[in-house]
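The structure under discussion appears below in the form of structure tokens.
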Amino acid sequence: MLTPGEVKLTDGRSVEFANLDIAATAPCLRVVADAVADLLPFYGSVHRGAGALSERCTREYEQARETVADVLGHGPGDTVIFTRNTTDAFNLLARAVPAGTTVVTFDTEHHANLLPWRNPVRLEAPRSPAAAVEILRAALRGLEGNVLVSVTAASNVTGEVWPIERLAAVAHEFGARIAVDAAQLAPHAPKRLAGLGADYIAFSGHKLYAPFGAGVLAGRADWLDAAEPYLAGGGASAHVADDGTTRWATGPARHEAGTPNLLGAVALATALRALHDRDLATAEQALLQRLRAGLAALPHVTELRLFPADAERVGIVSFTVAGRDPGEVAVTLGRDHGIGVRTGLFCAHPLTRRLLNDDKSDKSGQAVPDLSSGQAIRASFGIGTTAEHIDRLLAALQ
Ligand code: PMP
């Protein structure tokens, strides 16, 4: 793991920076940095040249695609398209769904899976994983024609894990397809991705301990091969006639016009493979328990959650501090304690607002002055996070 080392505090001390904002963008794994550095001397054009450099770069780019397909357990009808990030992946998919497709999503989604769809059916926020399954089942009962359900696997606000396997089974029972926003599940549980039952999966390299602006849209090739190219240009065009008519490529090239992001794809695939081969859950769940137990013991701190407290989660916890402005808390954590957190509505405005409205009192049940400016504080962690980071946050909040 590449770490920023120490930061100076307002009192003059220096401490190791506690990066508790990993859900936004994760630091770079050493193995990823090495893979990128190893490739740099051979940097050349992908799919567009004949020399040794181009051959190697084309091979590495396609190998990155194979690695992703392998981790996702792809079969013959599936494809992997490299995008810029998860947002880009959902915008691509939204343009590729056949005309007349009904898209069904929950109003709890991250904006990346809320805003690209035209007139989606937005289902009410479920208050438990089981309720999500029942709400979806009821919604699908009345729908005909092509239906695509699109749902997040792990919330970037609460860390709560959604019952994707069960949602996929219900979608398939009704002949619908399901797209999964795995931006937050992939970094925490990459082994689960292959077994989700998803028809489409989207995630981002920069949340997966790989930098450089690459993401993935992976899944069934038929709609993608039939859709208009996402970007029009070189690489996506198989033949352009003098009269301007264009025959478009099929396969991933159809949606990857322009020179591809080789280093991004190699970094993403290296990270995905490295994470896939590690036990991530044991250490993370211990830290999660430590943080949640610590927060629960602080009378002025309230954790935000949609599901019951014992629902499965990844290492993301959002909370409010009664009577304190979240921005001020975050600045104090940064300057006085060397801790990086995030504040705001986390690009999931309807969900976070709903959860903030749930929280109108402290744990004694007393109403507190609302200084939240309609925002929350989020601590998120993963590889590289230590118990000391968590304890430092708890001590600072105390
Ligand atoms: N979905 C979720 C659940 C996310 O947490 C994020 C990033 N906050 C996104 C989608 C969008 O990812 P990106 O910004 O990499 O496009």
Debye intensity ratio I(q)/I(0), log10, the stretch 260-301, q values 0.24 Å⁻¹ (C-alpha model): -0.79
Accessible surface of F212 - all protein chains present, 1.4 Å probe, nearest 10 Å²: 100
Between helix 52-71 and the chain: long-axis angle, C-alpha atoms, 0 to 90°, nearest 10: 60
Per-residue [θ]222 nm for the chain (sum of -39500 (n - 2.57) over DSSP H runs n ≥ 4, rounded to 500): -10500 deg cm²/dmol
C-alpha long axis of helix 30-39 to longest principal axis of the chain, angle in °: 30
Area of T58 that stays accessible when all protein chains are in place (1.4 Å probe, Å², to 10): 40
P(r) of the stretch 28-77 over all Cα-Cα pairs, binned every 5 Å from zero, in whole percent: 4, 20, 19, 22, 17, 12, 5, 0
Size of electric dipole in the stretch 30-276: Cβ of Lys, Arg +1 and of Asp, Glu -1, about Cα centre, debye, nearest 20: 320
Rg/Rg_globular for the chain, with Rg_globular taken as 2.2 N^0.38 Å and Rg from C-alpha atoms: 1.04
Degrees between helix 326-337 axis and first principal axis of the chain (Cα, 0 to 90, nearest 10): 80
For D279, solvent-accessible area (1.4 Å; no DNA, RNA or ligand), Å²: 110
Heavy-atom accessible area order for F174, F346, largest first, 1.4 Å probe: F174, F346
Relative contact order (percent, whole number), the chain, Cα cutoff 8 Å, 6+ residue spacing: 22
Length released on extending from A311 to E16, taking residue separation times 0.36 nm less the Cα-Cα span: 103.0 nm
Protection proxy ranking, peptides 334-342, 288-296, average beta carbon neighbours within 10 Å, highest first: 334-342, 288-296
Listed residues A130, F106, V31: farthest to the positive end of the dipole of the stretch 1-136 (Cβ charges): F106
Rounded to the nearest 20 debye, dipole of the stretch 158-230 from Cβ charges on Lys, Arg, Asp, Glu: 300
Accessible surface, the stretch 30-276, averaged per residue in Å² (probe 1.4 Å): 40
Accessible heavy-atom area order of K191, K207, highest first, probe of 1.4 Å: K191, K207
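The values are calculated or read from the model by the stated rules, or taken from the named source; none is laboratory data. Quick caveat, the model's predicted, so the values are computed rather than measured. Using ideal geometry, Cβ is built from the backbone for each residue, glycine included, and neighbour counts are taken over all protein chains shown. Ligands, DNA and RNA are excluded from the accessible area calculation, which covers all protein heavy atoms including side chains. Shrake-Rupley method; radii C 1.70, N 1.55, O 1.52, S 1.80 Å.
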